Structure formats: structure tokens, C-alpha cells
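Any read-out appearing in this document is the output of simple, stated calculations on the displayed coordinates, not a laboratory observation. Source: prediction; values computed, not measured. Please note: Cβ atoms are built from the backbone with ideal geometry, for glycine as well, and neighbour counts cover all protein chains shown.
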């Protein structure tokens with residue numbers, strides 16, 4: 001029988017600015033834009049709601065709705081999530097309901113459709129798709145989290161611009177923009193489409209959210225449309241600075257308890273696991289270098305969308321059984337990332353997976369392997385690390401060891417105990 005490494009529980013200390021009064025900050029930020037001077041009494045405002053599992057998103061959007069109502073506007077919510085939810089209005093409505101965003105909780109209509117209209121054409125000849133319901137509103141207010149993208153690099157990556165392109169472009173827009181990346185740079189596409197949307201689609205404001213390494217709201221900023229590019233670029237630098245990371249760069253086997261669309265666009269954040277530029281190997285541009293990745297499960301909120309599972313080499317059979325192959329394929333093909341839907345090697349139990357994976361890491365014997373187990377790529381404050389790292393944390397003020405070394409924790413069925421239960 002294979003001998004496994006022993007593990008320590010470790011806590012990381014990240015730079016962690018946190019916004020305590022989110023409701024007050026949303027109000028304060030919106031007030032400074034004087035939207036009452038731009039939005040007439042009784043005029044409609046489409047407010048975007050995405051699928052990324054943003055912390056406190058229901059509270060934030062509710063505050064936006066209340067503010068708009070207070071100045072006499074008539075807000076309604078539009079799901080803005082490309083092809084997520086199986087590329088259906090019902091699926092996207094269900095995702096928002098899981099986040100607590102419903103007509104009842106928000107106090108306004110929720111208008112969901114996958115139908116778009118073509119509002120313009122970019123200089124590159126790319127048709128600009130825009131959500132039909134949002135196109136019929138008098139104004140559009142874009143709400144989005146600013147963070148590094150899992151596949152693209154630029155002055156802006158994931159945030160207000162991406163919400164205007166992929167979110168409000170729905171399935172049709174997402175498909176054409178991702179296809180266009182084969183011919184044009186990410187920044188060429190995103191700036192051209194965003195400029196068109198701002199000009200043609202009555203975008204009145206944006207509300208940018210930046211989270212800290214503990215998946216909590218660190219900053220909220222209301223942005224006028226003409227400053228989207230400038231402010232999002234600046235906020236992206238902060239988001240990168242506050243991004244959670246693995247405690248060590250080199251890793252023989254990374255074990256991830258759960259992946260899902262509510263965690264990252266690629267199920268697990270490639271900026272964290274080191275697979276942003278190559279699905280199965282770190283490059284010189286990546287922070288982390290993981291030889292092998294083992295995905296243990298899908299989040300409930302992802303509804304079977306296993307996008308990103310193809311970035312791992314190993315999984316278990318119960319994860320394979322939980323995959324909605326059609327939904328996953330739709331999302332990965334839309335994103336022009338078919339390899340993200342490929343299924344890794346699977347075994348019936350986690351014990352068998354770990355045994356197999358540790359045979360593929362080179363000359364290192366399994367008990368001496370550098371192994372990290374994390375809950376997911378959003379929650380990295382606590383994790384389990386193998387004994388091989390003991391020499392590496394000496395003198396690290398950002399790390400705290402919480403336990404003595406213990407054997408890998410398998411349950412009676414031969415499956416690993418999740419990080420937060422071990």
C-alpha cells in the first residue's frame with residue numbers, strides 16, 4: 001500500500017482591507033454620480049447581475065435598486081452571464097435565485113431572456129450583441145467585480161467591460177467575441193465592443209466591486225461611463241495585489257475540494273493554480289507551479305457546469321457523475337476553450353486517485369511529496385500542506401502552523417475529508 005505524506009493545517013495571512021458598511025458605501029458612491037440629473041422620473045434602468053458568486057451580491061444589488069427608486073427611476077434586473085445556466089433564461093434565473101436575487105427580494109422586476117439585438121459593428125467588423133431587455137431600457141447600470149481574468153491579459157480583464165461584452169452580449173455575443181480572439185487581441189476586442197456599448201446602449205454608470213483575499217468586499221466604486229477604462233485599469237491592479245495565492249509556489253499535487261462557476265470562470269482560478277497560459281503546465285508567467293491537480297467535487301451552485309475540470313489530471317467517479325456534459329460543453333465551446341470540458345482520469349475513491357497521482361510526479365517518493373489541499377480557489381486562508389514544506393515556512397511571517405503533522409484524513413469510504421472538516 002502506498003505511504004502518503006503527513007499534513008499540517010496552515011493559515012495564511014493576506015493583506016485584507018475590508019469594507020464593513022457595504023450598504024452605506026454603495027449609497028455614497030452612487031450619490032456622488034448625481035444620477036438624478038441623468039435619469040428622468042419614471043425612466044427605466046436595467047441593472048446587471050452576474051453569475052460569479054460575488055460576496056454580498058444580493059445586498060449590493062438591492063441597494064442599487066433602492067437608490068434608483070429613491071430618485072424616481074424604475075429599475076429592473078437583467079441576468080448578465082453569457083452562456084451560463086445552460087445558455088437558457090430559466091437556468092440564469094435559477095442561478096440568481098440561488099444568490100438571493102429574485103423579484104421578491106429585490107423589490108423590482110427581473111427580466112431574463114437570451115435574445116439579443118445587434119446594436120453596432122466594431123471597426124474589426126464584429127457585430128455587437130446586446131441583451132434585448134436591457135436595450136429597451138432608458139438606461140443601463142453595470143454592476144461587476146473587477147479581478148484578473150482566468151485566460152486573458154490586458155489593462156482590463158474581468159470587470160465592467162466584460163459584463164458589457166460577455167454578460168450583456170448573452171450566448172450569441174459571448175460566442176462571437178471569443179471566436180474573434182483568434183484574429184484580434186483581447187484588448188482590441190474589449191475596448192472596441194465596450195466603446196460601442198457605452199455609445200449606443202445608454203450606459204449611465206458602473207458599480208465596480210473589488211474583493212480581498214478572504215472573498216470579502218474590499219472596495220466599491222461608482223464609475224461614470226467615460227471613466228470605465230481608466231478606473232477599471234487602476235482597480236485591476238488592486239485586485240491583483242489582493243488576490244489570494246497558494247502558500248508555496250512549487251507543488252507536486254494540488255487537491256481541490258470543489259470547483260464551480262461561482263468560484264471562477266474556469267471553475268478554479270487559473271491565476272491561483274498556475275494554469276492561465278497552459279492547461280497542464282505552468283509557464284514562466286505563472287506564480288504557482290503545480291505538476292498535477294486533483295479535483296474532488298463540484299459546488300452545488302454550479303449546477304453540474306464543470307467548466308475547468310479539463311485543467312486537472314485527476315478526479316473521482318462521483319465528480320464525473322455530477323457533471324452536466326451538455327451545460328459544460330456549451331460554456332466551454334462558447335468560451336473557445338474546449339479543453340476545459342475534457343474529463344480527467346477518474347477512480348472510484350480519493351485514496352485511489354492520490355495513489356495514482358503520486359506515481360506521476362517524478363522521482364519524489366510519495367511520503368516526501370509536496371502536496372497542498374485547498375477547499376477552492378476563493379478560500380485559501382486555511383489549507384492543508386504536506387510535511388515536505390516544513391523547511392520552507394521557516395521565517396515566513398505570513399504563515400501560521402495550526403496543528404502537528406497528521407496522516408492524510410480519509411473517511412471509511414476511502415475519500416478525503418474536506419479541508420474545513422479535517
Subject >> Label point at residue 237 placed 7 Å out along Cα→Cβ; residues across the range 123-149 whose backbone nitrogen lies under 16 Å >> reply: 147-148
Subject >> MRE, 222 nm, helices only [DSSP H, n ≥ 4, -39500 (n - 2.57), over the chain, to nearest 500] >> reply: -7500 deg cm²/dmol
**OP:** Starting from the alpha-carbon convex hull of the range 1-107, give the projected area averaged over all orientations, in nm².
**Re:** 11.8
Subject >> For the range 129-288: rounded, prolate or oblate by the Cα gyration tensor [a/c cutoff 1.5] >> reply: prolate
Original post:
With each pseudo-label sitting 7 Å past Cα toward Cβ, what's the residue 281-residue 94 distance in nm, one decimal?
Top reply: 4.0
Subject >> Size of the range 39-98 as Cα extents on the principal axes (Å, biggest first) >> reply: 37, 22, 14
**OP:** Arrange the following residues from fewest to most other Cβ atoms within 10 Å of their Cβ: 393, 242.
**Re:** 393, 242
Subject >> Kirkwood-based shape ratio for the range 300-422, expressed as Rg/Rh from alpha carbons >> reply: 1.01
Subject >> Counting DSSP beta bridges with both ends in the range 1-133, the antiparallel % (nearest 5) >> reply: 40
**OP:** For the range 113-135 and the range 24-61, write down the distance between their C-alpha centroids in whole Å.
**Re:** 23
**OP:** May I ask for the angle, rounded to the nearest 10°, between helix 186-200 and the longest principal axis of the chain, with both axes built from Cα atoms and the value confined to 0 to 90°?
**Re:** 30
Original post:
Against the longest principal axis of the chain, how steep is helix 57-70, in degrees 0 to 90 to the nearest 10, with axes from Cα atoms?
Top reply: 10
Subject >> Residue order, fewest to most surrounding Cβ atoms within 10 angstrom, among 363, 358 >> reply: 363, 358
**OP:** Could you work out the Rg to Rh ratio of the chain, with Rh taken as the Kirkwood radius (inverse of the mean 1/r over all Cα pairs)?
**Re:** 0.99
**OP:** Report the full-extension gain for the segment residue 250 to residue 396: residue separation times 0.36 nm, less the Cα-Cα distance, to one decimal in nm.
**Re:** 51.0 nm
Original post:
What do you get for Rg/Rh of the range 195-249 when both radii come from the Cα atoms and Rh is the Kirkwood radius?
Top reply: 1.11
Original post:
Counting every Cα pair in the range 22-241, what percent are over 30 Å apart?
Top reply: 14
Original post:
Between the helical axis of 325-334 and the dominant principal axis of the chain, each derived from Cα atoms, what acute angle in degrees is found, rounded to the nearest 10?
Top reply: 60
Original post:
If you average 1/r over all unlike Cα pairs in the range 1-46 and invert the result, what Kirkwood radius do you get in angstrom?
Top reply: 16.2
Original post:
Would you list 152, 14 from fewest to most Cβ contacts within 10 Å?
Top reply: 14, 152
**OP:** Let me know the shape class of the range 233-359, please: from the alpha-carbon gyration tensor, a ≥ b ≥ c as square roots of the eigenvalues, rounded when a/c is under 1.5, otherwise prolate if a/b is greater than b/c, or oblate.
**Re:** oblate
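Would you please classify the overall shape of the range 66-122 from the alpha carbon gyration tensor, given that a ≥ b ≥ c denote the square roots of the eigenvalues, rounded means a/c under 1.5, and beyond that prolate means a/b larger than b/c while oblate covers the rest?
oblate
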Original post:
Pick from 364, 307, 63: which residue has the top mean-square fluctuation in a GNM of the chain where Cα pairs under 10 Å get a spring?
Top reply: 364
